[in-house]
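The values are calculated or read from the model by the stated rules, or taken from the named source; none is laboratory data. Keep in mind the model is a prediction, meaning the values are calculated, not measured. When we count neighbours, we look across all protein chains shown, and the Cβ atoms used for this are built from the backbone with ideal geometry, even at glycine.
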Amino acid sequence: MPASNAALVGSSRRTAQRAATVGVLALQGDVAEHLRAITATGARPVPVRRPAELAAVDGLVIPGGESTTIWKLAAIFDLVGPMRERIGAGMPVFGSCAGMIMLASRLVERASDQETLGAIDMTVRRNAFGRQADSFESDIDIPDAGGPPFRAVFIRAPWVEEAGPGVEILATEPRTGRIVAVRQGQALATAFHPELTQDNRVHAIFTDMVRELS
Ligand code: GLN
């Protein structure tokens, strides 16, 4: 079944609506996988490298990769100010893994020249799961996604060490009990990489947010 048809399964109410334009910050990391997952939810994906491209999207995904590198490149590409402005003005944003780190207001194991966008009132610990579990998969219960547990891929993943009172906890990792998916207002973040599986339910949560909020 082509991705465009797969996207419509179980989401017929979306088909009647206009296609939301969802940008993927395309500086470093697993950009192509997010573009694919966004397409599968019925939204229109576009890579974002320039302020003019950011200005044209209804929502933004910040992919997994290396948060220190993404931050440096965002500064070089003059995207930090525009991202802060759009997020401050209510643009929906979703960060996976390094993207979760980028959205945090506070970091543990922060690199010396690393800053964040502060979209979610949380403290995130980088590389939290430690060397022995550098990469692993875990079945995560995400009630908001509906259906069976979500097979979550963790790669040198962070966790949420502390979440402020306005932060909704969407999922915890069962082995450690750590918070690995959160939402605050128009901002969504996962410590794992939903873009690396064919299960698009987390992206569907986000593109629904984009349609509702933009
Ligand atoms: N450990 C990485 C960082 O600090 C994140 C890893 C990932 O995105 N897979 O940015």
The stretch 31-47, residues that are within 15 Å of the ligand (Cβ to nearest atom) and in contact with a His (Cβ under 9 Å, 6 or more places away or on another chain): Glu33, His34
Failed item, numbered, when Glu109 is tested on (1) within 16 Å of the ligand (Cβ to nearest atom); (2) in contact (Cβ under 8 Å) with a residue 24 or more places away in the chain; (3) touching a strand residue (DSSP E or B) at 6+ places or on another chain (Cβ under 9 Å): (2)
Breaking point among (1) more than 24 Å from Ala152 (Cα to Cα); (2) touching a Phe, Trp or Tyr at 6+ places or on another chain (Cβ under 9 Å); (3) within 12 Å of the ligand (Cβ to nearest atom), for Arg50: (3)
Looking only at the stretch 122-141, and only at residues there that are touching an Asp or Glu at 6+ places or on another chain (Cβ under 7 Å) and of a type in the set (A, V, I, L, M), the one that is surrounded by the fewest Cβ atoms within 10 Å (Cβ to Cβ): Ile140
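Consider Gly147 carefully, then state whether it is exposed (fewer than 13 other Cβ atoms within 10 Å of the Cβ), within 15 Å of the ligand (Cβ to nearest atom) and small (Gly, Ala, Ser).
Numbers: exposed (fewer than 13 other Cβ atoms within 10 Å of the Cβ): yes; within 15 Å of the ligand (Cβ to nearest atom): no; small (Gly, Ala, Ser): yes.
Here the answer is no, as Gly147 does not meet what is asked.
Is it the case, given these coordinates, that Arg125 is within 13 Å of the ligand (Cβ to nearest atom) and under 16 Å from Ala189 (Cβ atoms)?
Numbers: within 13 Å of the ligand (Cβ to nearest atom): yes; under 16 Å from Ala189 (Cβ atoms): yes.
Yes, satisfied.
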Some residue of the stretch 71-94 being under 20 Å from Val210 (Cβ atoms), within 12 Å of the ligand (Cβ to nearest atom) and buried (at least 18 other Cβ atoms within 10 Å of the Cβ): no
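Considering only residues of the stretch 95-121 that are polar (S, T, N, Q) and modelled with pLDDT of 95 or more, which is surrounded by the most Cβ atoms within 10 Å (Cβ to Cβ)? Give the derivation first.
Just the residues of the stretch 95-121 that are polar (S, T, N, Q), to begin with: 96, 105, 112, 114, 116.
Right, trim to modelled with pLDDT of 95 or more and you get 96, 105, 116.
Working: Ser96: 32, Ser105: 16, Thr116: 19.
Here the residue is Ser96.
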First in the stretch 155-172 and under 12 Å from Asp121 (Cβ atoms), second anywhere and more than 16 Å from the ligand (Cβ to nearest atom) and among the acidic types (Asp, Glu), Cβ under 6 Å, 6 or more apart: Gly164/Asp121; Gly166/Asp121; Val167/Asp121
Members of the stretch 53-70 found to be under 16 Å from Ala189 (Cα atoms) and away from the ligand (no atom under 13 Å from the Cβ), listed by number: Gly59, Leu60
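Hey, among Ala56, Ala40, Ala52, which residue is touching a residue at least 24 places away in the same chain (Cβ under 8 Å), surrounded by fewer than 17 Cβ atoms within 10 Å (Cβ to Cβ) and over 15 Å from the mean Cα position of the chain (by Cα)? Outline the logic, then answer.
Numbers: Ala40 fails: surrounded by fewer than 17 Cβ atoms within 10 Å (Cβ to Cβ); Ala52 fails: touching a residue at least 24 places away in the same chain (Cβ under 8 Å).
None of the others qualify; the one that does is Ala56.
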Neighbours by Cβ (under 7 Å, 6+ apart or cross-chain): first from the stretch 183-204, on the phi < 0 side of the Ramachandran plot and among the β-branched types (Val, Ile, Thr); second surrounded by 23 or more Cβ atoms within 10 Å (Cβ to Cβ) and part of a helix (DSSP H, G or I): Thr190/Met100; Thr190/Val202; Val202/Pro194
